[in-house]
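K.L.:
Quick one: the structure is below, questions incoming.
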Amino acid sequence: MVELSNKNVPKIAFMFLTPGPLPLSPLWDMFFNGHQGLYSIYVHPHPSYNDSHVHETSVFYERTIPSQPVYWGTISMIDAERRLLANALLDSSNQRFVLLSDSCIPLFNFTTIYNHLLGSNVTIEQWRKGSQWFEIHRDLAMKIVSDRKFYPIFQQHCQAPCYNDEHYLPTLVNILYPEVNSNRTITWVDWSRGGPHPRKFGWHDITDEFLNQIRFGTECLYNGNISTNICYLFARKFRSDALEPLLRVAPVVLGLHVLP
């Protein structure tokens with residue numbers, strides 16, 4: 001999937017790792033609306049998934065990449081991530097790479113997230129990670145895709161209860177650049193109930209108060225020395241039945257524009 005674009009305008013590559021359709025795609029369509037040329041989209045579904053139902057007006061139209069089956073907790077998760085990164089790297093204007101799931105939502109409008117990511121002065125080796133879900137710089141993405149030393153070690157030795165998707169990337173960065181691993185997540189998730197999977201949110205959970213608590217309820221450092229309460233840019237896990245209330249509150253709470 002070769003991209004032709006204006007190399008002078010840095011873009012964010014939004015990479016969706018999903019088993020099939022994206023049930024929250026109408027919300028993402030609102031998020032991306034009006035910002036063409038500032039983003040790229042890549043979708044890695046199960047290879048049996050048929051995307052012919054995706055309407056041509058959607059930002060997800062013809063955005064799937066060649067894929068392979070992905071199984072939770074196995075090296076196939078890393079393979080899919082590297083596959084997404086490899087495709088996104090074909091567009092030289094992609095400067096930030098964000099991994100998202102089918103249950104992720106944006107917490108702010110596109111302009112806020114774009115400026116936050118492109119305005120951070122992280123060095124080329126610094127990164128942010130939220131469990132499996134991360135945001136990285138282009139040069140680090142190239143190192144991950146080209147890694148032939150540490151990937152085979154994890155492939156051979158990281159078996160349950162070692163989960164590659166949670167350990168490979170942070171270990172790789174820690175080995176190569178331990179002094180600049182920022183260890184900060186940009187994807188909010190609720191692990192308060194314990195267990196191997198985070199809490200899911202549906203129709204009755206979506207309120208202005210709930211979303212604003214996620215958006216502004218934490219303090220962190222931006223660029224290492226600026227205190228801010230914009231710490232999370234995305235959140236998961238949101239069920240498909242959360243779509244309607246999310247679309248209803250998105251214009252006021254998230255600052256998204258209603259599609260024509």
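K.L.:
Run the helix sum for the chain: -39,500 (n - 2.57) per DSSP H stretch of 4+ residues, divided by residue count, reported at 222 nm to the nearest 500 deg cm²/dmol.
P.N.:
So the helix-based figure for the chain works out to -8500 deg cm²/dmol.
K.L.:
Between rounded, prolate and oblate, where does the range 22-157 land on the alpha carbon gyration tensor, with a ≥ b ≥ c its root eigenvalues, rounded for a/c under 1.5, else prolate if a/b exceeds b/c?
P.N.:
Here the range 22-157 falls in the oblate category.
K.L.:
What does the accessible area per residue of the chain come to in Å², with a 1.4 Å probe and no ligands, DNA or RNA counted?
P.N.:
47
K.L.:
Carbon-plus-sulfur fraction of the accessible area of the chain, 1.4 Å probe, in percent?
P.N.:
Ligands and nucleic acids excluded, carbon and sulfur give 53 percent.
K.L.:
Quick one: in the range 150-260, what % of C-alpha pairs are over 15 Å apart?
P.N.:
75
K.L.:
What figure in square angstrom, to the nearest 10, would you give for the accessible area of I65 with a 1.4 Å probe?
P.N.:
My reading of the accessible area for I65 is about 10 Å².
K.L.:
Taking H as built 1.01 Å from N, whose amide H comes closer than 5 Å to the amide H of V43, not counting residues under 5 places away?
P.N.:
Amide H to amide H, under 5 Å and 5 or more residues apart or across chains, V43 pairs with F16, T64, I65.
K.L.:
Same structure again: At a temperature of 37 °C and a viscosity of 0.692 mPa s, determine how fast the range 75-124 diffuses translationally according to Stokes-Einstein, using the Kirkwood radius over alpha-carbon pairs as Rh; express D in µm²/s, rounded to the nearest whole number.
P.N.:
255
K.L.:
Quote the charge dipole size of the range 159-259 about the Cα centre in Debye, to the nearest 20; the model charges only the Cβ of Lys and Arg (+1) and of Asp and Glu (-1).
P.N.:
The dipole of the range 159-259 has a size of about 140 debye.
K.L.:
Sort D147, D205 by accessible area with a 1.4 Å probe, largest first.
P.N.:
Heavy-atom accessible area, descending, gives D205, D147.
K.L.:
Return the unpartnered cysteines for the chain, using a Cβ-Cβ cut-off of under 4.7 Å.
P.N.:
If one checks each Cβ against the other cysteines of the chain, C104 turn up with nothing under 4.7 Å.
K.L.:
Based on the alpha-carbon set only, what is the convex hull volume of the chain divided per residue, in Å³?
P.N.:
That works out to 133 Å³ per residue.
K.L.:
Kindly write out, for the range 254-260 in residue order, the coupling ³J(HN,Hα) from the Karplus curve 6.51 cos²θ - 1.76 cosθ + 1.60 (θ = phi - 60°), rounded to whole Hz, with x marking Gly and Pro.
P.N.:
Residue by residue, the range 254-260 yields 8, x, 8, 8, 5, 5, x Hz.
K.L.:
Here's something else I'd like to know. Residues with amide H under 5 Å of W188's amide H, sequence separation 5 or more or different chain, H placed in the peptide plane at 1.01 Å from N; which?
P.N.:
Residues meeting the amide H criterion: L233, F234, A235, R236.
K.L.:
Please list, in order along the range 81-86, the HN-Hα scalar couplings obtained from phi with the Karplus expression 6.51 cos²θ - 1.76 cosθ + 1.60 (θ = phi - 60°), rounded to whole Hz, x for Gly and Pro.
P.N.:
Values per residue, Gly and Pro as x: 4, 5, 5, 5, 4, 4 Hz.
K.L.:
Residue-wise, which Karplus ³J(HN,Hα) couplings in Hz belong to the range 14-19, taking 6.51 cos²θ - 1.76 cosθ + 1.60, θ = phi - 60°, and x for glycine or proline?
P.N.:
9, 10, 9, 9, 9, x
The values are calculated or read from the model by the stated rules, or taken from the named source; none is laboratory data. Since this is a predicted model, take the numbers as computed values, not measurements. Glycine gets a Cβ as well: all are built from the backbone with ideal geometry, and neighbour counts include every protein chain shown. We work out accessible area using only protein heavy atoms, side chains counted, and drop any ligands, DNA or RNA first. Shrake-Rupley method; radii C 1.70, N 1.55, O 1.52, S 1.80 Å.
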